[in-house]
Amino acid sequence: MIRADWIGLLARSIPEALEARLDGLELPPHDWLRAPETGTVMVRGRTGGTGAPFNLGEVTATRCTLRLGDGTEGHAFVQGRDAAHATRAALVDALMQGPRAAEMRAGVLDPLAAEEAARRAERAGKAEATRVEFETMVRGDD
């Protein structure tokens, strides 16, 4: 898993699930390079996924950057106004870059990835249940 993958996973995680995974772990102290701040970002889309980009609308997001005592920096950008979620995500990002990476992967990232996969499978199953199959019939008119 590369850094972009775990940052995305942390951003998409349910805040309570991330909090539960970090509960009981000893988290290091940190200094703020950018304290959590909330604002809006423009979401862009593409027609059919490949067409010309267009501005879809704005979404509320919270970002922060922190530095651990050893100089490692952690960044987070999450949807919504949850400053605590952004802080926890930035801490995990920083810890994934150091000697605690294996611990964070096994205790935090892997379970979050499994939960996300289960949510996606459930959503796909609900969508599949609404699928309509169309068949073409020959009318016999020549």
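Just to confirm the number: angle between the C-alpha axis of helix 83-96 and the first principal axis of the chain, 0 to 90 degrees, nearest 10? Helix 83-96 sits at roughly 80 degrees to that axis. What the Cβ-Cβ distance of ILE2 and VAL59 gives, at R0 = 25 Å and to the nearest 0.05, is a FRET efficiency of 0.55. Mean residue ellipticity at 222 nm from the helices of the chain, using -39,500 (n - 2.57) per DSSP H segment of n ≥ 4 over the full residue count, to the nearest 500 deg cm²/dmol? The helix contribution divided over the chain gives -12000 deg cm²/dmol.
If I take every Cα pair under 8 Å that is 6 or more residues apart in the chain, average their sequence separation and divide by the length, what percent do I get for the relative contact order? After rounding, I find 23 percent. Counting other C-beta atoms within 10 Å, and keeping those with at most 10, which DSSP coil GluC sites (Glu not before Pro) do you find in segment 107-142? When the GluC sites (Glu not before Pro) of segment 107-142 are filtered for loop state and at most 10 Cβ neighbours within 10 Å, GLU133, GLU135 remain.
Summarising the amide proton neighbourhood of GLY80: residues at separation of 5 or more, or on other chains, whose placed amide H is nearer than 5 Å comprise THR60, ALA61, THR62. Remark: the chain carries a charge dipole of roughly 320 debye about the Cα centre, counting +1 on each Lys and Arg Cβ and -1 on each Asp and Glu Cβ. Over all directions, the projected convex hull of the C-alpha atoms in segment 3-115 averages 7.9 nm² in area.
Loop-located GluC sites (Glu not before Pro) in segment 1-78 (DSSP state not H, G, I, E or B) with no more than 16 neighbouring Cβ atoms inside 10 Å: GLU26.
No value in this document is a laboratory result; all are computed from the given coordinates. Note that the coordinates shown come from a computational prediction; the quantities given were computed from them, not determined experimentally. Every residue, glycine among them, receives a Cβ derived from its backbone with ideal geometry; neighbour counts consider all protein chains shown.
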